[in-house]
Amino acid sequence: MRQAWIVALLLACSGDKDVSVTSTADTSPDDTGPAGDGWSLLGDGSALSAAVLSIWATSSGDVWMVGADDGTGPLLLSYDGTAWARIDTSSVPGDLWWIWSDGGETIFLSGEGGRVVTYSRTDGSLTEVTAANAAYKLFGLWGTSPTSVYGVGGDVNANLDGVIIHYDGTSWTEVATAPPGDTGSQRQAFKIWGSGEDNIWVVGTGALIMHHDGTGWTTDEAPPLYGSVPLTTVHGAGPGDVYAVGGLGNAATIHYDGTAWSDTSPPPLAVAPFFNGVYATTDRGVVSCGGSGSIWWHRDTEWVPDGRAQVTTRDLHACWIDETGAVWAVGGDLTTLDEGAVITDNPSVPPISF
């Protein structure tokens, strides 16, 4: 049942389918975006035989991406500012869904089978551990250091509640599970982000919002959203400026201002496809990506579409704003997890080739 469960939840209708309070980016439907350049398609199915599911970049400009297994191992791509490379991952087969690092020696990768893979930037070694029940796909990672990393995920067979696990530098332990929804149905955890150990957010299916205050985990009530709406990603510019996005067909978005969550979803007439990824900064804007290659920006109190010509109709799964203000977004065919797509508005980046 490869990906049937996650497709049903994340895509739902497929085309129906790692502190300021507002963005300072001067972006509108008619603008070309903060970087001022058009989009470039760096790679598609001809260069990427598997979907690209997550992206992370260092402050020095190195870019890392991870994705599905195309039969030779999961995608693990790096760009050093000059050239692209694909890391040999044949020793750790299976789809990988997320990537996180604090910028140091170790890069953490999570995926199917309840596993976490670590990659050493020093010697190129890969180490795999079963961090949770093998029934879980670990969809998200976030941490404060290599000795405090959190992972979240869901049960592909819907027999278990969504899970939150923690790594203390030595071992992984389960620290919480997602509570049932209003109807008693199970809810699964998709992504995690925090501003510190005392302020961590988790989102997932059934409008799931969980919070860790440094002492324990609690469940927050989402603003008026249908209980069936999945929240796929959470990210913030600070503790008082947090965004969670998702949706079934049209995008659903909520914002936390340090006190409460509010519904900031684009109106139905805006025809915003479901959002999968979001990335928030204090000075370079707030961007979201999702269905059919769409890119949207949060300006003041509303979401507006990026005004530049699209270069892919593949669904985008994650996005990133790097230190220069350039935007990166990754995705592909999220039904079969093949034919990846990578786009950026940085004109100096060459196409992906190995």
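The values are calculated or read from the model by the stated rules, or taken from the named source; none is laboratory data. Note that the structure is a prediction, hence the values are computed from the model and not measured. Here the Cβ positions follow ideal geometry from the backbone for every residue, glycine too, while neighbour counts run over all protein chains shown.
Taking THR301 as meeting all but one of (1) among the hydroxyl-bearing types (Ser, Thr, Tyr); (2) within 18 Å of ASP241 (Cα to Cα); (3) in contact with a strand residue (DSSP E or B) (Cβ under 8 Å, 6 or more places away or on another chain), write down the number of the exception.
Condition not satisfied by THR301: (3).
Find the residue count for the range 27-63, including only residues that are under 26 Å from THR232 (Cα atoms), in a loop (DSSP other than H, G, I, E, B) and modelled with pLDDT of 85 or more.
Number of matching residues: 10.
Out of (1) part of a loop (DSSP other than H, G, I, E, B); (2) buried (at least 19 other Cβ atoms within 10 Å of the Cβ); (3) among the β-branched types (Val, Ile, Thr), what's the single condition that is false for VAL234?
VAL234 satisfies all of (1) part of a loop (DSSP other than H, G, I, E, B); (2) buried (at least 19 other Cβ atoms within 10 Å of the Cβ); (3) among the β-branched types (Val, Ile, Thr) except (1).
What number of residues in the range 206-253 are closer than 15 Å to HIS317 by Cα and out of contact with any strand residue (DSSP E or B) (no Cβ under 8 Å at 6 or more places or on another chain)?
Summing the residues that are closer than 15 Å to HIS317 by Cα and out of contact with any strand residue (DSSP E or B) (no Cβ under 8 Å at 6 or more places or on another chain) in the range 206-253 gives 1.
Among THR218, THR183, THR170, which is the only one that is among the hydroxyl-bearing types (Ser, Thr, Tyr), surrounded by fewer than 17 Cβ atoms within 10 Å (Cβ to Cβ), part of a strand (DSSP E or B) and on the phi < 0 side of the Ramachandran plot?
Going through THR218, THR183, THR170 in turn, the sole match is THR218.
In this structure, does SER195 turn out to be under 24 Å from SER145 (Cα atoms), in a strand (DSSP E or B) and of a type in the set (Gly, Ala, Ser)?
yes
Any residue at all in the range 333-351 that's under 16 Å from the mean Cα position of the chain (by Cα), part of a strand (DSSP E or B) and over 16 Å from SER78 (Cα atoms)?
Yes: the range 333-351 contains one or more residues that are under 16 Å from the mean Cα position of the chain (by Cα), part of a strand (DSSP E or B) and over 16 Å from SER78 (Cα atoms).
Suppose the filter is modelled with pLDDT of 95 or more, out of contact with any Phe, Trp or Tyr (no Cβ under 9 Å at 6 or more places or on another chain) and under 20 Å from VAL342 (Cβ atoms); does GLY71 pass it?
yes
Restricting attention to the range 312-324, report how many residues are touching a Ser or Thr at 6+ places or on another chain (Cβ under 7 Å) and in a loop (DSSP other than H, G, I, E, B).
2
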